[in-house]
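Here is the structure we will look at.
The values are calculated or read from the model by the stated rules, or taken from the named source; none is laboratory data. This one's a predicted model, so the numbers in the text were calculated from it and none came from an experiment. Positions of Cβ are backbone-derived with ideal geometry, glycine not excepted, and every protein chain shown enters the neighbour counts.
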Amino acid sequence: MDRPQLADFLRKRREALQPEDVGLTRGPRRRTSGLRREEVAALSDMSVDYYSRLEQQRGPQPSEQMLAAIARGMRLTLAERDHLFRLAGHRAPERAVRTDHVSPGLMRVLDRLADTPAQVMTALGETLAQTPPARVLFGDETRFEGAMRSIGYRWFLHPPTRDVYPAEDHARHSRAFTADIRAVFAQHGPRSRAGALVAELLERSTEFAELWEQHELRDHHVLDKRLQHPETGVIEAQCQILVDPDQGQTLLVITAQPGTESYDKLRLLSVIGTQRMETDARTG
């Protein structure tokens, strides 16, 4: 681990970023060159103290998970991400079509959706980045590790995952998640991560095993969904999907018809998300 070079790289990248680059508003009295440390920490989902120690050449060696979070928060390119990993004493992640690194371009799109439930996901349904309203609606899905990162895995083996959907819609979503997993499995084979996921689900979930035997496929995503939240009730929403073929990722955006009650409910989620983000920033 090269502490001086790591600290210098982080500081230079932070000073090069402007608030507009990451979807933040530039205040009239702003004098900071680039972003503040607390802003980078918030974008990277870590405490200000932890990030500050990295720039001050103090603290433990950051984990690969922490480095990946910093790379996303600072909108690093793949080359910059690899450099960050090497400075921190880790091997750079393998370059592959399936990657957890979100491209700066896709992150810029996500930044512009700060008032909308939106999140970047892998083909296996692993959430890599979320807007504040998405966290209010779905919870912090980036916190999971291992197989639990996949929404399909959690759907069948982690019951609270289903709470965001009305109970009468669960059977339809079970079929959809099974079909999505089958598509990834067919593309990458039984020795892939998708193969390991299928093997465990077949062993542990009777519901998944029964649906898997039906060989059901789907050639399009259902755009109309019903979602629910304790503070809003049921929301009639539409799901728009933007695909990044180079990274094998999708940007999922939740919208509602303007002028409807569901539209107002989504706006309420935005307010709740902003309040939570401001509270987190104050508490560090």
Residue list for region 231-258, filter: in contact (Cβ under 8 Å) with a residue 40 or more places away in the chain and charged (D, E, K, R): Glu231, Asp244, Asp246
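Conditions tested, residue by residue: (1) modelled with pLDDT of 95 or more; (2) among the basic types (Lys, Arg); (3) closer than 19 Å to Leu269 by Cα; (4) out of contact with any helix residue (DSSP H, G or I) (no Cβ under 7 Å at 6 or more places or on another chain).
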site: Ala147; (1), (2), (3), (4): no, no, no, no
site: Ala167; (1), (2), (3), (4): yes, no, no, yes
site: Ala176; (1), (2), (3), (4): no, no, no, yes
site: Ile181; (1), (2), (3), (4): no, no, no, no
site: Gly189; (1), (2), (3), (4): no, no, no, no
Every residue from region 223-232 that is touching a helix residue (DSSP H, G or I) at 6+ places or on another chain (Cβ under 7 Å) and either of a type outside the set (D, E, K, R) or outside the structural domain of Ala118 (by TED's automatic domain parsing) (or both): Leu227, Gln228, His229, Thr232
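Among what's in region 235-252 and is of a type in the set (A, V, I, L, M) and surrounded by fewer than 15 Cβ atoms within 10 Å (Cβ to Cβ), pick the residue that is farthest from Pro104 (Cα to Cα).
Top of the filtered list is Ile241.
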Contacts under 6 angstrom Cβ, first residue in region 25-53 being surrounded by fewer than 18 Cβ atoms within 10 Å (Cβ to Cβ), partner not in a helix (DSSP H, G or I), 6 or more apart: Gly34/Leu17; Ser47/Gly284; Val48/Gly284; Arg53/Gly59
Test: residue in region 49-72 that is under 21 Å from Pro132 (Cα atoms), not assigned by TED's automatic domain parsing to the domain that holds Gln119 and not in a helix (DSSP H, G or I): no
Scope region 127-172; condition surrounded by fewer than 19 Cβ atoms within 10 Å (Cβ to Cβ), under 24 Å from Glu203 (Cα atoms) and not hydrophobic (A, V, I, L, M, F, W, C); matching residues: Glu145, Gly146, His158, Pro159, Pro160, Arg162, Asp163, His170, Arg172
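Filtering region 185-233 down to residues that are hydroxyl-bearing (Ser, Thr, Tyr) and surrounded by fewer than 18 Cβ atoms within 10 Å (Cβ to Cβ), which residue is farthest from Arg149 (Cα to Cα)?
Thr206
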Test: residue in region 13-21 that is within 24 Å of His83 (Cβ to Cβ) and in contact with a Leu (Cβ under 6 Å, 6 or more places away or on another chain): yes
Residue in region 6-20 that is part of a helix (DSSP H, G or I), in contact (Cβ under 8 Å) with a residue 12 or more places away in the chain and within 18 Å of the chain's Cα centre (by Cα) present: no
All positions within region 1-22 that are surrounded by fewer than 18 Cβ atoms within 10 Å (Cβ to Cβ) and of a type outside the set (D, E, K, R): Met1, Pro4, Gln5, Ala7, Ala16, Gln18, Pro19
Members of region 103-115 that are part of a loop (DSSP other than H, G, I, E, B) and modelled with pLDDT under 85: Ser103
Qualifying position, being charged (D, E, K, R) and assigned to a helix (DSSP H, G or I), among Arg86, Arg31: Arg86
